[in-house]
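Enquirer: What follows is a structure written as structure tokens; I'll ask about it next.
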Amino acid sequence: MTVMNAVATTGGTSRPRKSKLGWNLLGLLVFLTAGFPVYWMLNTAIKPAKDTIDPDPSLFPTGFTLDNFRRALAIADFWGPVGRSLIVSLSVVAIGIVVGMLAALAISRFAFRGRKIVIVGILAVQMVPLVAMIIPIFLLLNDLEQYDKLSGLIITYLTFILPFTVWTLRGFIVNIPKELEEAAMVDGCSRTGAFIRVVFPLLAPGMVATSVYGFIQAWNEYLYALMLLSQKNQTATVWLGNFTTKHGTEYAPMMAGATMMAVPIVALFLLVQRKMAAGLTAGAVKG
């Protein structure tokens, strides 16, 4: 009996190990699939320019050079477009998170006439293709004298980032029990005080995750920045188009420029990754 029990125990533990190994292999495959474009971008950025047009490219770097980065900075102004992209992205995130939080709080905590219509409208706006709104937005910004201005581009980005922000934050707020606010109000807090002391700390991880998404969307957007801004006001994504000329595409400097553009996104994620991974109700169980 003891031997049979040992065999049964061994067989029972081998299945979870095999299952865990399978999930690990699947995770590794997903990581390699998602990470290979980033690796190839870095590989192309540091290899000699002549190797980028080799018909038989090497998977690993055949040489190391920083000339591609110097070439990328020399082709056109780099810091101007990057600065404008930062201004637009940070402004969109700041405005979107404030307005989105207030709208999400109203939708999730207050009952008012037309509440369901507002929720359906938010979903409907997100289903409209961005390409379909180019001409109406262009005409509207032209009438408002916001064409070829960063403020006009910020307003445009808010039209598709704000609905997502409202919908996402609404989901986070709904998952925060109302009893926590009510308990704080019983202890003497006003509704605003209860929100600041109770809801806001629990909502912080959701706000950080939503802000990162909004920043990435605004930073990487290309079509509207190309259509609504002239060359003197171009953003970083449009700046990358300078590497495509009538003589062809300079892939090595382009990948070097793309690598430099990815630095702010990576830095932002490293700064907020702990907050993004924090539990929504972590503050509710603290003393």
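The values are calculated or read from the model by the stated rules, or taken from the named source; none is laboratory data. Please read all numbers here as calculations on a predicted model, not as lab measurements. Here the Cβ is made from the backbone with ideal geometry for all residues, glycine too, and neighbour counts use every protein chain on show. With ligands, DNA and RNA removed, areas are computed over all heavy atoms of the protein, side chains included. Shrake-Rupley method; radii C 1.70, N 1.55, O 1.52, S 1.80 Å.
Enquirer: Would you mention how many residues in segment 106-123 are among the charged types (D, E, K, R), open to solvent by 40 Å² or more (accessible area, probe 1.4 Å) and closer than 17 Å to residue 175 by Cα?
Expert: Here the count works out to 0.
Enquirer: Same structure, new question: Please enumerate the residues belonging to segment 226-252 that are open to solvent by less than 60 Å² (accessible area, probe 1.4 Å) and more than 17 Å from residue 76 (Cα to Cα).
Expert: 228
Enquirer: Hey, can you tell me all the residues within segment 88-105 that are surrounded by 15 or more Cβ atoms within 10 Å (Cβ to Cβ) and either within 19 Å of residue 225 (Cα to Cα) or free of Cβ contacts under 8 Å to residues at least 60 places away in the same chain (or both)?
Expert: 88, 89, 90, 91, 92, 93, 95, 96
Enquirer: For segment 47-62, which positions are aliphatic (A, V, I, L, M) and either in a loop (DSSP other than H, G, I, E, B) or open to solvent by 90 Å² or more (accessible area, probe 1.4 Å) (or both)?
Expert: 53, 59
Enquirer: Looking at 65, 44, can you tell me which residue is in a loop (DSSP other than H, G, I, E, B), surrounded by 10 or more Cβ atoms within 10 Å (Cβ to Cβ) and at pLDDT 80 or above?
Expert: Answer to the check: 65.
Enquirer: Further, regarding this structure: In segment 232-284, which residues are among the polar types (S, T, N, Q) and either at pLDDT 80 or above or outside any helix (DSSP H, G or I) (or both)?
Expert: 233, 234, 235, 237, 244, 245, 249, 259, 281 - these are the residues of segment 232-284 that are among the polar types (S, T, N, Q) and either at pLDDT 80 or above or outside any helix (DSSP H, G or I) (or both).
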